[in-house]
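Here the structure is laid out as structure tokens; the discussion comes afterwards.
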Amino acid sequence: MPTYNEQAEGVIELARFASEKGWLPATSGNLSVLVERDPLLFAITRSGADKQRLTDQDVLLVDAHMQVQGDTPYRPSAETTVHVALYHKLPCGSILHVHTVYNNLVSELFARQGYVEIAHHELLKALGHWEENASVRIPIVPNWSDLNQLGQAVADVAQADVPAVLVRAHGVYAFGETPDAARRHLEAVEFLCEYVYRLELIRAAGFVAP
Ligand SMILES: CSCCC(=O)C(=O)COP(=O)(O)O
Ligand SMILES: [Zn+2]
């Protein structure tokens, strides 16, 4: 079983990756890696940390009740509620939450129907959909300010075969059974959000596929 130190290093590496992409602006976002499933323990970023300069002090070991294990002056991410709810619902090994312009725009464009549907795109394979004519609906939930409510809302719509949930005008939660899978899902969702947004733009300008 991986140790807390190994998983904390994993969180720091994921933060470096997402920061280099510009996906964690202004201290936003939170990232976690599972340490133990039962009883639940995971390594997660502390609230307010600058994820571009994360150190091991900025990663906390937290349980199912959001209690921090060990001695630290810091509090865990305010959105730890969402991570706990997702770890309870699905066999996640890592959960990545980032804020980007494209995921925010797509969440606004499709908020009313509660999902964005993406069909016939090659990168759906990176989300695990290799079937011919694949079609995936990524759920969109309101940006509840009550973070317990937000956690419940995200977990209610989260499905193992669609490994992301958009939060309207806020960001995305992507997850996977391993940190590498969660990262691949996040990269694919970010690519697809940019694609969907740009396609909407050219369609609005009159483009019709031949
Ligand atoms: C400055 S971003 C506002 C809070 C947020 O949405 C976020 O992702 C970061 O919260 P945390 O408590 O994890 O730092
Ligand atoms: Zn956030």
Taking 0.36 nm per residue of separation between Ala64 and Glu20 and subtracting their Cα-Cα distance, the length gained on full extension comes to 12.8 nm
Loop-resident GluC sites (Glu not before Pro) in the stretch 1-54 with no more than 14 other Cβ atoms inside 10 Å, DSSP not H/G/I/E/B, are none
Only helices counted: for the chain, with every DSSP H run of 4 or more residues adding -39500 (n - 2.57) and the sum spread over all residues, [θ] at 222 nm is -11500 deg cm²/dmol
Those GluC sites (Glu not before Pro) from the stretch 120-210 that are DSSP loop and have at most 10 other Cβ neighbours within 10 Å turn out to be Glu131, Glu132
Ranking Val208, Ala78, Leu123 by how far each Cα lies towards the positive end of the charge dipole of the chain (+1 on Lys and Arg Cβ, -1 on Asp and Glu Cβ), the top one is Val208
Among Leu24, Gly10, Phe42, the residue whose Cα sits farthest towards the positive end of the charge dipole of the stretch 1-58 (+1 at Cβ of Lys and Arg, -1 at Cβ of Asp and Glu, taken about the Cα centre) is Leu24
Inter-part gap, Cα centre of the stretch 51-91 to Cα centre of the stretch 1-35, in whole angstrom, is 11
Among Leu166, Leu90, Leu105, the residue whose Cα sits farthest towards the positive end of the charge dipole of the chain (+1 at Cβ of Lys and Arg, -1 at Cβ of Asp and Glu, taken about the Cα centre) is Leu105
Mean accessible area per residue over the stretch 76-210 (1.4 angstrom probe, all protein chains present, square angstrom) is 48
Using the Cα gyration tensor of the stretch 93-210, the equivalent ellipsoid's semi-axes, largest first and to the nearest Å, work out to 23, 18, 12
The percentage of the accessible area of the chain (probe 1.4 Å, all protein chains present) made up of carbon and sulfur atoms, to the nearest whole number, is 50
Sites removed, the longest contiguous part of the chain containing no DSSP-loop chymotrypsin sites (Phe, Trp or Tyr not before Pro) with at most 11 other Cβ within 10 Å is 1-129
Per-residue accessible area, 1.4 Å probe, largest first, puts Lys89, Lys51, Lys125 in the order Lys89, Lys125, Lys51
Leu105 neighbourhood, Cβ < 13 Å, K/R = +1, D/E = -1, net charge -2
When the chain is treated as a Gaussian network with springs between alpha carbons less than 10 Å apart, the largest mean-square fluctuation among Arg46, Arg168, Arg198 is found at Arg198
Any lysines whose Cα falls less than 28 Å from that of Lys51, other than same-chain ones fewer than 8 residues away, would be Lys21, Lys89
Taking Cα atoms, the helix 4-20 axis meets the longest principal axis of the chain at an angle in degrees (rounded to 10) of 40
As a percent rounded to 5, the proportion of antiparallel DSSP bridges among beta bridges in the stretch 4-204 is 95
Over the Cα atoms of the stretch 4-204 the radius of gyration and the largest Cα-Cα distance (Dmax), both in Å, equal 16.1, 55
To the nearest 20 debye, the stretch 4-204 has a Cα-centred charge dipole, built from +1 on Lys and Arg Cβ and -1 on Asp and Glu Cβ, of 520
The stretch 4-204: relative contact order from alpha carbon pairs under 8 Å, six or more residues apart, as a whole percent, is 20
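The values are calculated or read from the model by the stated rules, or taken from the named source; none is laboratory data. Just so you know, these numbers come straight off a predicted model, no measurement behind them. Ideal geometry is used to build each Cβ from the backbone, glycine not excepted, and the neighbour counts take in all protein chains shown. Side chains included, ligands, DNA and RNA excluded: accessible areas come from the protein's heavy atoms. Shrake-Rupley method; radii C 1.70, N 1.55, O 1.52, S 1.80 Å.
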